[in-house]
Structures are given as structure tokens and as C-alpha cells.
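The numbers here are math on the coordinates, done by the rules we state, and not lab data. The structure displayed is predicted, hence computed values, not measured ones. Cβ placement follows ideal geometry from the backbone for every residue including glycine, while neighbour counts extend to all protein chains displayed.
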Amino acid sequence: MKLGRYTSIAFILRTEHQNGSMLMSFWLFLLPSVFLTWGSSDRLWQAYALRPTEISILETQESERSGWLVKQGGFSQPGLTRFTPANFGSQRLNEHLGWYLYQVALYGPPDILIVGSSRALQGVDPLALRKAIGEGQQGELSIYNFGINGATVQVVDLLIREILTSDQLPRLILWADGVRAFNSGRSDRTYQSIIESEGYKLLLEGVRPSVPLLLPDAEQCYDVPIPFASSEPSVSLISSVLSSPCLLPPVSDRHQASIWEKALATIQANRTLSDLTPLGFLPVDQVFNPQTYYTQYPRIAGQFDGDYSGFYLQGEQAISLEQLLAYTQRRQIPLVFVNLPLTADYLDPVRLAYEQKFHQELNGWVNHQGLMAVNLVSPELEKLKNPKYFADPSHINQWGAIAVARELAKRANIPWPKPQSRMETAR
């Protein structure tokens, strides 16, 4: 097994007695600054969640270009550093920072960063987008979904201009949301919570969230006994893996990969869908059924919807948009706003009128401020309004997120970055 740059590893075989029987478990400790290459295939397969007493596989997927399908969270084993960013007053923002900054430290920033509110978080599948963009081209792009519940223009501006450093920014920003994010007439509770937080106070003092320093470069080969790495896993082994938290061994060819992927599909199916994937995406499997939905939830008419309260498209949100556009344009980072689909059931006459006003304002920002925009609420995209693509009247489910990703990949007016090799990324 060859270990790449910034390497530190310990492999421990331990035994313990429980109720008179001997248990054997394998522990693989990796500092959060490691990538592994198995043979010459240069592919990464594992995604780990480490806790004080166990290691479990979260997600196993192949990445041809980078390690952006790696792992969740930090480390809490003795001798390892657990990265816990200061509290920014938003649980989702805190969670994203822990994931995102580790992966940036490992592999550099992603090619594409998806930002926005919960509508973006569960409305654009980064893996589906990567595959759709990658059809017919060499290599694949790395994509991360940094959607934050309740995010407005002010929150997105704060994230891009203040929380993340310039070398943590992507090559393209996809901002997926809707009119609610631009309404300055409503209370911006998420932004207020962030600027009142401990993390933001530290930010004002010049202390940015960051990961521990990487170890010096090292090129070493370790003869680590990894069982099952060169043989086909048995049915009993897969069964035991599925029934207990354990470490799956690395696989070195596509035949082994297909076997492990079947086993891991079961693990993935049993995961709680409220968890983020390693790419920051929140898959939601609920399907909006108008006939049953309103027996459980009230039907709120547009004139009583708090998201449109005091509807005003100027003010602090518009100011933040100007700042964000100026910042990204100086750094030559394309910013594309995606107006996400809504159900026909949601777009009553009042909301539809607000939506039309927003479209007019959006066209002004496109024509005069250089914002790029994709409107997925347009009449010619009726298929995206299908309730089967939604979890509720205004939030997309995991099937809708795939449909949105595929629709975006068709857009020639989006300046998709070209895939880079690992060597180019490391420069």
C-alpha cells in the first residue's frame, strides 16, 4: 500500500473479550491530511466517520480526479486532532465547515460550489451534476453543496467574502434559491444568528476557521497487512460488515469494487436521510402529494406567507448582492444564480405576482451588474413542477435534485470549468 503526500498512519489489530468470546477489530487511523493511492489506479474509495469507539464507512465511491468523496467530521482518537470549528450560530454552517475545510486542506477547493438555503441543500445533487457535466468529456469535476438552512443573500455574501478565504473558493459558484432570499422586508434570522455568534466574533478578530497544520511531505511505503484487499469478500463477510460497525478494506480492481458497492448500497440505504452526504448534499426521499399533504399541514396562501412579508427587493439584501458580485468578479469566479423550480400548487396568484416582480429585478441584475442567471421556474419547464420531484410545495426531493442537476448540465450559458488533473490541482 502506497501512501501519498502528508502521510501519517497507524494500523492496529486488537482483540477484546466480551461475554466470554473473542472479538477482533481493525483500526485504521489517518490524520485528516492523507490521501491513499492503491497501486496505479489513483482512486479513492473510502469515506469515514470516526468516533471514540468505532470507525464506520459512510460512503464509498470512485473519484477519478480528486478526493472530494472522502469523509465526514474530525477525529477523536488519542493522538489525533478533532476539528470542531467555533460555533457560527447555525448548525448546518458549523457542520459544513467541518467537512469542507478538511477536504479543501486535502485536495484544494472544489471546481464548483453550490450555495443557497435549504432549497439548494436538498435541491441540487452534486454527484448527479458531476456525472451529467462529465458526459462526453475527459475527467470529472469536483462539486460540493454548501447549502445552509435559511440562507439569504446576506448569508451567502458572508460565507464567500468573509468566512472562506480566497484560496478556499471554487472555480464556479452555483447559487440555487428563489425570491425569498432577496426579500429585504422580512426578518433575516439566520444572518442575525451568525453575526451574533462566537465564530463571527473570532472572525472579526482575524481568526478564521481552519484545520490543523498538515504534516511535512513524505513518500513512504508501508507493508500493512490489509485483509481481503486482494481477494473477493465472502457473503458471510459482507453480512458481518452490514450488521456491525467496522472498517471495510480497500479494493484494488473493478471486480472487487462491484461486490463491495452492492454491500455498501445496503449500508447507504440504511443511513438516516437527514444526514448530509460527503458532498454536502441532503437527500430527501419524501414525495409531495397534494391530496394527503394538506391533511397534515395547513395550506398557507401567498398573502399570509412570511417569506413574502414586507416584500422589498432593495435594502440590505440588494446591497449584499452588489458586494458579492464585485468580489467574485474581481477574483474572476463566475457566479450563476439558479431560480429553483416550485410546484404549481405553491404558485398561487399572490406568489406568482411576487415571482414576476423578482424576474424583472433579476433581469436588471443580469443586464447591469453582470450576474448570470438560469430560470427553472419558466413555463417551458413544466416537467420540473411535477409533484414527484418535491418533498413539499417548495422544496425539492432527491429525485427532483437529480432532474435539476441534469437540466443545469444542459445549459451552455453556464461557464462550466474544465476538469483538471490531480497534478494541476496540487500546484
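So for the stretch 101-174, taking the charge dipole from beta-carbon charges (+1 Lys/Arg, -1 Asp/Glu), which of 163, 103, 120 sits furthest toward the positive end?
Farthest towards the positive end: 120.
Which whole-percent values make up P(r) of the stretch 333-427 when all C-alpha to C-alpha distances are grouped in 10 Å steps starting at zero?
Spelled out bin by bin, the stretch 333-427 gives 14, 38, 32, 12, 4, 0 percent.
Can you tell me the alpha carbon radius of gyration of the stretch 140-192 divided by the globular rule-of-thumb value 2.2 N^0.38 Å? Before the final figure, lay out each step's value.
Numbers: Rg = 12.3 Å, N = 53, 2.2 N^0.38 = 9.9 Å.
Here the Cα radius of gyration is 1.24 times the empirical estimate.
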